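Structure record follows, encoded as structure tokens.
The values are calculated or read from the model by the stated rules, or taken from the named source; none is laboratory data. Every value quoted in this text rests on a predicted model; they were computed, and no experiment measured them. A quick note on method: Cβ atoms are made from the backbone with ideal geometry, for glycine too, and the neighbour counts reach across all protein chains shown.
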Amino acid sequence: MNALALAMSRPEAPVAERANDPDSDTVRRAASGDVRAFEDLYRRHARRVHGAIWRLVGGVDARAEELTQEAFVRAWQKLEGFRFESLFSTWLHRLAVNTALMDLRSRKPAEDREDPLGEDDVLPQREHRARQDLRIDLEAAVAKLPPRARAVLVLHDVEGWKHEEIGRELGMAVGSSKAQLHRARGLLRRALGDEHE
Amino acid sequence: MSDFELRRALKDLPRERDPRADLWPGIAARLGAQQAPAAAPVRRQSPRWLAIAATVAVALGATWLGLRTQPAGDAPRAARDGSGWSLAQADAMAESYRGAMAASLGGEHRAEMARFLATPDVVAAERELDAAQRQLQQALRADPNSVYLLDLLRQTHEQRARLYRPALAIG
């Protein structure tokens, strides 16, 4: 799947932004084989990479950590191909998301349950819910979405991707991406609506 | 909860999350088992590797250049007979790659290459590349005129050529 992971055609960052990439020196050292420099890059970006992957895999800690490791190993392998045409953080984030999507693509379609949020999954009623409670419930509800619907929702509503990009990476039509997003939002509203009016 | 409120809540979710433990030791262990990025100017480039790389690059490049300049004429024909233009080019590209590698790796280097291909890391990498090619070919059958997928397939051929680099560099 390395070839698919190579397809990182994220729009380029503005020239001024690229010139100010705070990672550029460290990236050059890492690309020349300096593992300590690469560890610096890991320390700077691990939380963001892991955050994106964790949400895409439905909050499964062990899987997210495994894929985060995989993403950084692939980044090391592909540093030779990084041409500073975007910010390193953008390139790395794209690669990380792609790593998680490859995991998603390897799943059987049957794992995409039609009704993932059943009666047993209704979130517990509480009084005086605060914003923090909503966030926790929302994370839990997102994690229980069918994998593809979750991927579309996370990429569009959390990561800010366009439907065209999502469709390209997930191998689906733009219309399908929009339909999956509509479905995912509907499932989330159904899960949260009664408790967060 | 309205659609607007839901989207705002999603947008406000934290983007960062700490792993439960430091993942760097595991990453470093895997990096230690690998080479430095190929850009590292530490590996001696043998004439044999350069010759093979050039042969493969020319073979793939010629195929790629040909397909980039022909779609206007060939795509409708391929669409008419149902075969798909990119799908046909993928077959031609695979044939070019096989021919270039066979010409470059034969003779006295065959045994050395066989030993290299049997090492666990290479077997795993080959398996990954095989899987990628199978998936791309499957995707091409569903979208047989996709230049994008064809380009990805070309990259897998180039990656496979790079995979052989360590064995060839010592020849």
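Would you point out which residue out of A:His93, A:His156, A:His182, A:His163 is more than 30 Å from A:Tyr42 (Cβ to Cβ), surrounded by 13 or more Cβ atoms within 10 Å (Cβ to Cβ), under 16 Å from the mean Cα position of the chain (by Cα) and at pLDDT 80 or above?
A:His163
Surrounded by fewer than 19 Cβ atoms within 10 Å (Cβ to Cβ), under 24 Å from A:Trp161 (Cα atoms) and either facing another protein chain (nearest Cβ under 10 Å) or at pLDDT 95 or above (or both) - does that describe any residue in region A:20-42?
Within region A:20-42, none of the residues are surrounded by fewer than 19 Cβ atoms within 10 Å (Cβ to Cβ), under 24 Å from A:Trp161 (Cα atoms) and either facing another protein chain (nearest Cβ under 10 Å) or at pLDDT 95 or above (or both).
Are any residues in region B:8-29 under 13 Å from A:Glu159 (Cβ atoms) and in a helix (DSSP H, G or I), and if so, which ones?
B:Leu10, B:Lys11
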